[in-house]
1. Can you grab the distance from the C-alpha centre of region 134-198 to the C-alpha centre of region 232-269, Å, no decimals?
2. Quick one: which residues, 5+ away or cross-chain, put their amide H under 5 Å from the amide H of residue 83? H built at 1.01 Å from N.
3. In µm²/s, what is D for region 156-289 at 10 °C and 1.306 mPa s, where D = kT/(6 pi eta Rh) by Stokes-Einstein and Rh is the Kirkwood radius from Cα pairs?
4. For the chain, how big is the tail of P(r) above 37 Å, as a whole percent of Cα pairs?
5. Sorted from largest to smallest, which semi-axis lengths in Å does the alpha carbon gyration tensor of region 102-184 give for its equivalent ellipsoid, taking the root of 5 times each eigenvalue?
6. So if I restrict to the alpha-carbon atoms in region 119-228, what is the Rg, and what is Dmax, the biggest pairwise distance, in Å?
7. So which lysines can residue 52 reach, going by Cα to Cα under 17 Å and dropping same-chain residues fewer than 8 places off?
8. Any lysines with Cα under 19 Å of the residue 243 Cα? List them, leaving off those in the same chain fewer than 8 positions away.
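The values are calculated or read from the model by the stated rules, or taken from the named source; none is laboratory data. Just so we're clear, the structure is a prediction, and the values are computed from it rather than from any experiment. Ligands, DNA and RNA are stripped out before the accessible areas are found, and what is left, the full protein with its side chains, is counted by its heavy atoms. Shrake-Rupley method; radii C 1.70, N 1.55, O 1.52, S 1.80 Å.
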Amino acid sequence: MYSWLSPVRAPARAVSALRSRLVGTVPQEHATLTQCVQDAGVRKITMNNPQKRNALSLAMLQSLEKDILHEVDAKDLRVIVIAANGPVFSSGHNLKEFTATHGKAYHADVFNACVKLMTAIQTIPVPVIAQVNGLATAAGCQLVASCDIAVASEKSSFATPGVNVGLFCSTPAVALGRAVPRKVALEMLFTGEPISAHDALMHGLVSRVVPEDNLEAETMKIAHKICQASRTVVALGKATFYKQISQSLEEAYRLTSQVMLQNLTLKDGQEGIDAFTQKRKPVWTNLPE
C-alpha cells in the first residue's frame, strides 16, 4: 500500500520532491484537505476537513480534481473511491466564499472548478465509487450523484437545501436530475428536505445501503470485483455508457453496436472469449488496443 502524500520507506529527500511535484498548483497548506492511498489497483481519496464539514471550497475542489487525475491513465489504477472523514460526507460549497467581498470572478472560479471535477469523474477511464457515511448536501449531494457507483451507510442522508438560503441548487440539479426521477429531484430542490439512505437507494441516487460497520468492506468488495475485469474493456464501456445515455434509442443502438465491434478487436476482448471457451481465467493485457 502506498500514499503519494506520505510514501512508505522512501528517503526524506525523495518524499519532499514527490510532495512538491504532486501538490503542484494547489497551495501547500491545502495538500492535507484530501488524503490519498492506493493499493491493489484501488485509489482511495478521503476528504479530510471535518471541522468545515468537508465543504467543497475552491481549494477542496482543486485538491480532489488533482488526486483524481494523477496518473489516471496508469495501468495499475483500476478504481477510485471517494470517502470522507468525520460525520458529514460533504456539506457542499463553502458559502463564505460566495459573499460579495470575494467578487464575481472568484465565484465563477468556484463554479468552474466544481464543473471540472464533476465532469472529470464521469470522463476518466476508471470507475469512481462514492463511499458515503453521513450527510451529503448541495454540491456534496452532487458529488455523490456524479459518481458511477455510490455505497452509503444506513445513517447517511442527502439534501439540496440551497433554496432555503436563497441560492437554488442549480448545478447540483444537473447531476441529481440525471440520477433520480424528475419529480423526486424537484421535490428535493424545491423543499430542501433531506432524504434517507434507504429512500436514496429506492430512487437510484445510491446503489447500495449497508450498516456503518460494513461500509468500508462492502465498498472495497465492489472495487476489487471491478479490478478483476480488463481495464481497457471497462474504460470503453464507461465512456460508451455516458455517451449513449443521452441519445435516442436508435442512435444509442447504432453507437453501441459499433462499440461492441470495436471491443471484439481489442486484445482483451479476444482474450476474454478465448478464456471462456477454454474454461480458464483470462489474462488481461490492459492495453488500450
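1. 29 Å
2. Excluding prolines and chain starts, which carry no amide H, the hits are 45, 46, 47, 131.
3. On the way: Rh = 18.1 Å.
Value of D from the Cα-based Kirkwood radius: 88 µm²/s.
4. On the way: 7111 of 41616 pairs.
Roughly 17 percent, rounded to a whole number.
5. Working: eigenvalues 89, 61, 28 Å².
Value: 21, 17, 12 Å, ordered largest first.
6. Answer for region 119-228, Rg first and Dmax second: 13.7, 47 Å.
7. 96
8. Here the lysines satisfying the reach criterion relative to residue 243 are 116.
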